[in-house]
Amino acid sequence: MLHLALLLLLMGGPAATAALPPAEEARAQLLAMADQRWFDETALRTLAGHGDARVREQVARVVGGLAAPAAVGILEELARDPLPPVRVAVAEGAGRLAAELGGASKTGGKAARLLRRLLRDPVPAVRCAAAWGIGAGGFEKGQRWLVGLLAAERDPAVRAAALAELWRGREAGWVAVAAAALADRRAEVRRSAAWSLARAQVAGREAALRRAAASDDAAVRTLALEGCRRLASPALLGVGAAALADPSATVRVAALGALAAILEQHPDAVLPEGAAATVTQLVAMTDPQRVHERVAAITLAGYARLATAELWSCLESGEAWAGEEALVALARQGATELGGVVEEWLAAQEVARRTAAVRALALLPGGEEALGAVADSAPAVRLAVVDALAARPGQRATALLRARLGDSDEMVRAAALSALAQRRALPQRGELFALLERERGVEPRVAILEALAAGTLRDQERSLLLRLLGGEEPVVARAAWAALLRHGYLRPLPPVATGWEVGRYREVLQWAATPHYLEVVTVRGTMAVALEGACAPLAAYRLAELAGQGFFDGLTLHRVVPNFVVQGGDPRGDGWGGPPFTLRHELGLAPFEAGVVGLAHAGPDTAGSQFFVTLTPQPHLTGRYPVVGRVVAGFEVAQRLRRGDRILRVRVSEVAPTVFPVWYGVLKPERLEAEIPGWAEEERRYTPRADILALLQQAHLRYGLVVAMGTWCGDSREQIPRLLHLLAELGEASPFAAPLLVGADRTKSYPAALFPFGPVERVPTIVVTLEGAEVGRIVETPASGSLEEDLATILAPLEGWQVPSANPTTH
C-alpha cells in the first residue's frame, strides 16, 4: 500500500500552493490512490487546491470513483473552480458517487443537489456532464430534471446529452419530448432521442419508433429498428420488412434482428413474401464483406422457418461462424434429420463446433436430458450447456444446473450459480454460506456473494463478508463490500495491494504522454489502434505490456455481435478468461462512437485483457466502460470479423502502423495502382530482362494467367506490379491474356469459380493456363529471381525453347 506521509508533510493547506508537490508528482500520487482504492481525505482536499488544473480535474475523477461519503464535500469545493474541465469532472464524479452509494442515500442527495446546480452552469460541456451524472446516479426524479432542462435548453450538445439519458427512468412522460426531438435539424439531437426511444422499457413508443424508422438519417433508422427489436411487437413486422431494402448495411442488420425478435416472441407471425425472399437470398450469399448481415439472416431464417435448403448448404460448406449458426437455425426449425449431424458435431475436434452442437441439442426433442449427459473436456462446451439449461424452464433443468455446481472449472460453477440465481433456485442460504467457505475460485465466490446480498443478511454472514473485505483477492473483496453496502453497511472500499510505488505510476504517466499504437493483425486484416493514454493510462499501459509479451498472439475473437461489438483477448476463448491481474476502472466521458476500443468487464474493477471494438455508436457504454483506444485505420476489418477468427499478432509502437486494405474478388489493376501505397512505384522501377521478353514474344500459343493474391501481402504488392509491368512491356506480342487477379484475406479462401486450382497456401500464387488447364505456377516469389524467367521456363516444354541463363548485369 502506498503511504502518503511524505506528501502530507509537504502540504500546507489549499491556499499553500507553493508547498504542494509538482503537478506530475501530484498526478502520480492520484493515480496511485485511484489504483489502490485508497481514500485519503486530507491529501485529496489539499490537492484539490493545486495550482495545476489537470491535478484538480484528476482529483474530481478520483474521488468520484472511491465511494466515500466525504468525497461529495471535495466535489462541492471543486464545483466552484473557474475552469470548465474541472467542473466537468465534478459532474462526472458526482454521478459516479451517487451510482455507487445510491441515489436515494444521504450522499446521493448531496450529489443530486450538486448536479442540479451544474445543470445551470454557463458552459455547455459542464451541463452535458451533469446530464450524464443525473442519468448515472439513478435518482428517482432524475428524468423530470432532464425533461425540465430540455424545456429551456437550446444548446444542441446539451440537448443531446439529456435526451440520451432519458431511457434510464421508469416514467413514460418523456416519450413525447423525445418523439418531438426526432424532427430536430441537428443530427446529434435526433440520434440521442432515437437512442432513448430504442432502449427504454416504457410503453407508448411504437408510433415514435415508426417515425424514426422513416428518418432520412441512417443512424436514426438503425436505432429505430433496435427499438423494434426490443419491443418485439408483431405490429412492427412491416417496419422491419421494409428496412431489409435499406441502402445502409447497419439498418439492414438491425432490421434482421428486429424481425427475429418479433418472430421469437410471436411464432405465429409470418414474414411478408418479399421479405422472405430477401432473407433466403441473404442466407445463400457468400460475400465476405457482408458476413454480419448473412449471419443475422441465418438467425432470422431459423425463427421464420424458411431458407431450409440454403441453411443446409451453409452447414455443409464447412464455414465456421455461419455454419454453426445454420446448425442452430435448422434445429430451431425442427429439422428431423439433424440428430445425426448434432452427434457428429458433438464429437468434432473444433470446440466451436461442439459448442454449436450443444446449442442445437437444446432445441431438439429430448434435448434436456441429452444436455445433462454432456461431459466435454472443454470448459467452453460445458459453459454452453449451462447457458442452454438456463434458457429452459422447469424443475429438471434446475436440477441439471445444480449438478454443474460441482464442475471442475470455476467459471462453469460461477455460470451455474448465476443461472440458478436468475431462476430463484439457489441452494439454501446455509448451504451457500458453506459453499462460500469451501470455494477457492474467484468467480464462484463473487456469484455466491451476489446471491447472499439479495436476501436478509445474518450476523454470521456479515462477519464473513467483513473478513473477506481484508482478503488478498481484490475482486472478491469488492464483491463483499457491495454485498454489505446493499444491506446498509457502508465501509471504505477495500484497498488493493498493487505492489507498486509512486515512481512506477510516474513512469506510467510519462509513458502515456507519448502516442502509442497497437497493430492488431487478424486473419481478416489489420487494425491500427491509437491508445488513449489520457483516458486510461494504466489500462493502456498494461495492454501495451501484454502486446509486447505476445499475450494476444493466436487468441480468437470469441464474441461478435453484428451492429454492436467484436471482442477478443481472452486466453480461454470463451469470454471468461484474462491475464493474471485485474484492472481498476479508469472511467471518463469519452463517447463510445463506432471504432472505439474499450475494456470488457464483469463488474467494477474486473477488467483484464479482453477488449472490444464498437461497430456502431453505443452511448450506454459511455462512462461505464474504460476507453483504451480508437481504431484509426482498418475499421472495415472489424465490420467483417467473424466469431472464432484468429488474432495473428498484436504489436505496440510509437508510430502509427501502415495498414493496407484487404480487397476481395476480382481486382482491377487500375484500382490497385491508384489506391495501394507503393504499387505504382514498384511497377515503374521494375526492369525485366530484354532477352527473355523477346523469347516470350516468340510464343506460338496463347496462355492465361490467374493470380491468387492479397492486397495485405508484401510479396503480392511486390510481384504483381512487376507482373503487370512485364505484360505491358510485352505489348501486343504478349502470349498472355490479361491476368485475372483475385483477392482474399489471410485465410486464403478463394472462390473456386474464380480460382479453380485447389487450395492456396502462399500468396501470390500465379497460375499459368492453356485452354483453361494449369501448366505451371509461380508461388510467392520467382524461383529464378525474375518473373519473366520463371514464365519462360513454364512455357519452355510447350514452346520447345531453351531459356537463356541470367545475365547479372541486367538486374
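Straight-line reach only, C-alpha to C-alpha below 30 angstrom: list the lysines that K668 could link to, leaving out same-chain residues fewer than 8 apart.
The reachable lysines, counting only those whose Cα sits under 30 Å from K668, are K748.
Could you calculate the contour length gain from K141 to L770, that is, 0.36 nm times the residue separation minus the distance between their Cα atoms, to one decimal place in nm? Don't skip to the end; give the middle numbers.
Values: separation 629, 0.36 × 629 = 226.44 nm, distance 7.84 nm.
Using 0.36 nm per residue and subtracting the Cα-Cα distance, I get 218.6 nm.
What is the distance in Å between the Cα centres of segment 392-422 and segment 578-652?
The two parts, judged by their Cα centres, are 29 Å apart.
Can you give the accessible area of I692, probe radius 1.4 Å, in Å² rounded to 10?
Near enough 0 Å² of accessible area.
Using Cα pairs closer than 8 Å and at least 6 residues apart in sequence, work out the relative contact order for segment 659-780, in percent.
33 percent
For the chain, report the accessible area per residue in Å² (1.4 Å probe, heavy atoms, rounded to an integer).
Values: 33550 Å² over 811 residues.
In whole numbers, the chain has 41 Å² accessible per residue.
Which of the peptides 594-601, 648-655, 168-175 is most tightly packed, and how do the rest follow, going by the mean number of other Cβ atoms within 10 Å of each residue?
Working: 594-601: 22.8, 648-655: 15.1, 168-175: 17.5.
With the highest mean Cβ count within 10 Å placed first, the list reads 594-601, 168-175, 648-655.
In nanometres, what is the gap between the two model label sites at W801 and T687, each 7 Å from Cα along Cα-to-Cβ?
Placing both labels 7 Å along Cα→Cβ, they lie 2.2 nm apart.
With unit charges on the beta carbon (Lys/Arg positive, Asp/Glu negative), name the residue among V158, P735, C535 whose Cα is farthest towards the positive pole of the charge dipole of the chain.
Going by the Cα projections, it comes out as V158.
Putting +1 on Lys and Arg Cβ atoms and -1 on Asp and Glu Cβ atoms, find which of L263, A594, L146 reaches farthest to the positive end of the dipole of the chain.
L146
Could you order Y625, Y750 by accessible surface area, starting with the largest, using a probe radius of 1.4 Å? Could the numbers behind the result be given before it?
Numbers: Y625 60, Y750 30 Å².
Descending order: Y625, Y750.
May I ask you to derive the relative contact order of the chain, considering only C-alpha pairs under 8 Å and at least 6 residues apart, and to give it as an integer percent?
Details: 1465 pairs, mean separation 57.4, N = 811.
Dividing the mean separation by the residue count of the chain yields 7 percent.
Rank these by accessible area, largest first, 1.4 Å probe: V88, V476.
V88, V476
Output the relative contact order of segment 228-359, whole-number percent, from Cα pairs under 8 angstrom with separation of 6+ residues.
Values: 173 pairs, mean separation 23.5, N = 132.
Reported relative contact order: 18 percent.
Quote the accessible area belonging to V768 in square angstrom, nearest 10, computed with a 1.4 Å probe and with ligands, DNA and RNA left uncounted.
Counting only protein heavy atoms, the figure is 0 Å².
Could you please put K110, K141, K668, K748 in sequence from largest to smallest accessible area, using a 1.4 Å probe? Don't jump to the answer; show the numbers that get you there.
Values: K110 70, K141 105, K668 125, K748 50 Å².
Putting K110, K141, K668, K748 in descending order of accessible area: K668, K141, K110, K748.
Of the listed values (i) 57; (ii) 39; (iii) 29, identify the label whose number matches percent of Cα pairs over 43 Å apart calculated from this model.
The value computed from this structure is option (ii).
Grab the other residues whose beta carbon is less than 13 angstrom from that of G102, score K and R as +1, D and E as -1, and report the net. Can you show the working numbers first?
On the way: positive: R96, K106, K110, R486; negative: E100, E140.
Here the count lands on +2.
Out of the total accessible area of segment 434-506 (probe 1.4 Å, heavy atoms of protein only), what percent is carbon and sulfur? Walk me through the numbers before you get to the answer.
Details: 1730 of 3590 Å².
Using a 1.4 Å probe with all protein chains present, segment 434-506 comes out at 48 percent carbon and sulfur.
Rounded to the nearest 10 Å², what accessible area does R642 show when all protein chains are kept and the probe is 1.4 Å?
Approximately 40 Å² of R642 is accessible to the 1.4 Å probe.
Just tell me which aspartates and glutamates come within less than 19 Å, Cα to Cα, of K110; anything on the same chain fewer than 8 places away is out.
Straight-distance partners of K110: E41, E76, E77, D81, E92, E100, D121, E140.
Using the Cβ atoms and a cut-off under 13 Å, what net charge is assigned to the surroundings of A744, where Lys and Arg are +1 and Asp and Glu are -1? Mind dumping the intermediate values first?
Numbers: positive: R524, R640, R746, K748, R762; negative: D287, D745, E761.
In short, +2.
Please report the net charge: other residues with Cβ closer than 15 Å to the Cβ of V502, K and R +1, D and E -1.
Details: positive: R27, R504, R506; negative: E24, E25, D35, D40, E501, E507.
In short, -3.
Contour minus end-to-end for E593 and E473, with contour as 0.36 nm per residue of separation and end-to-end as the Cα-Cα distance? Spell out each step's value before the answer.
Working: separation 120, 0.36 × 120 = 43.20 nm, distance 3.39 nm.
Additional length available on full extension: 39.8 nm.
The values are calculated or read from the model by the stated rules, or taken from the named source; none is laboratory data. The structure displayed is predicted, hence computed values, not measured ones. With ideal geometry, Cβ positions are generated from the backbone for all residues, glycine too; neighbour counts draw on all protein chains shown. Protein only, heavy atoms only, side chains kept; ligands, DNA and RNA dropped before computing areas. Shrake-Rupley method; radii C 1.70, N 1.55, O 1.52, S 1.80 Å.
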